[in-house]
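The values are calculated or read from the model by the stated rules, or taken from the named source; none is laboratory data. Fair warning: this is a prediction, and the values are worked out from it, not measured in the lab. Cβ atoms come from the backbone with ideal geometry, glycine included; neighbour counts cover every protein chain shown.
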Amino acid sequence: MLPTPNCLLPFLELKMERTLILIKPDGVQRGLMGEIIGRFERRGLKLAGMKFMQMSSEKAAEHYGEHIERPFYPDLVAYIISGPIVAMCWEGPDAVKIARQTIGATKPSEATMGTIRGDFGMQIGRNLVHGSDSPENGIRETDVFFTADELHEWHRDTERWILE
Ligand code: IDP
Ligand code: MG
């Protein structure tokens, strides 16, 4: 794994995390962008960056490299590059765990109702959203999608009503 850039060390000490969330092409095509973004927003996570884009196969390989040996990998790459996606970086204490809980289990048939996949998904190969699975991957994956000047530090006026 790449060393953590120095600029991120103070961030880790605060136990703040970053998670990379993707609204996959099925989420975009089905008109669920607002619904999905709203769930992370209402949960209390803070947005650091967002872009509407289409992934190249190079970016898909960089992002999903850990799955390259898996039988579903070719279909996964074909799916993720098949249309535009929304890439987002959300921040907060325990942001990775909180976002994964908001997303639900990988297989929509096993995802709890009230989660994004549990409410809108049917099959594992059309499960709507990606969320980083560890704080380290949150940083690494954010780096795949965003340059430093595309990530914004801003003061949220409601902060003290969300975090103590
Ligand atoms: P995650 O997205 O919940 O972290 P991973 O195991 O990291 O799940 O798998 C990455 C993505 O690969 C899944 O979200 C899903 O789109 C796809 N995927 C995983 N397992 C399968 C499978 O068995 N068949 C088809 N697609 C799969
Ligand atoms: Mg994963």
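Once region 87-130 is narrowed to residues that are in contact with a Phe, Trp or Tyr (Cβ under 9 Å, 6 or more places away or on another chain) and small (Gly, Ala, Ser), the residue that is farthest from ligand 1 (Cβ to nearest atom) is Ala87. Going through (1) under 28 Å from Glu164 (Cα atoms); (2) assigned to a strand (DSSP E or B); (3) touching a Gly at 6+ places or on another chain (Cβ under 9 Å) one by one, Val86 falls short only on (1).
Rundown of residues vs (1) over 19 Å from Gly65 (Cβ atoms); (2) of a type in the set (Asp, Glu); (3) free of Cβ contacts under 8 Å to residues at least 40 places away in the same chain, yes/no style:
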{"site": "Glu110", "(1), (2), (3)": "yes, yes, yes"}
{"site": "Arg117", "(1), (2), (3)": "yes, no, yes"}
{"site": "Arg126", "(1), (2), (3)": "yes, no, no"}
{"site": "Asp133", "(1), (2), (3)": "no, yes, yes"}
{"site": "Gly138", "(1), (2), (3)": "no, no, no"}
{"site": "Leu151", "(1), (2), (3)": "yes, no, no"}
{"site": "Arg160", "(1), (2), (3)": "yes, no, yes"}
{"site": "Leu163", "(1), (2), (3)": "yes, no, no"}
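Looking only at region 21-35, which residues are in contact (Cβ under 8 Å) with a residue 40 or more places away in the chain and not in a helix (DSSP H, G or I)? Passing the criteria: Ile21, Leu22, Ile23, Lys24, Arg30, Leu32.
For region 92-123, a residue qualifies if it is of a type in the set (A, V, I, L, M), buried (at least 16 other Cβ atoms within 10 Å of the Cβ) and farther than 30 Å from Glu153 by Cβ, and the qualifying residues are Ala105, Ala111.
What are the residues in region 138-154 that are within 18 Å of Gly92 (Cα to Cα) and not in a helix (DSSP H, G or I), if any?
Those that are within 18 Å of Gly92 (Cα to Cα) and not in a helix (DSSP H, G or I): Phe146, Leu151, His152, Glu153, Trp154.
Just one residue in the set Gly38, Gly31, Gly65 is within 16 Å of ligand 2 (Cβ to nearest atom), among the small types (Gly, Ala, Ser) and modelled with pLDDT of 95 or more; that residue is Gly65.
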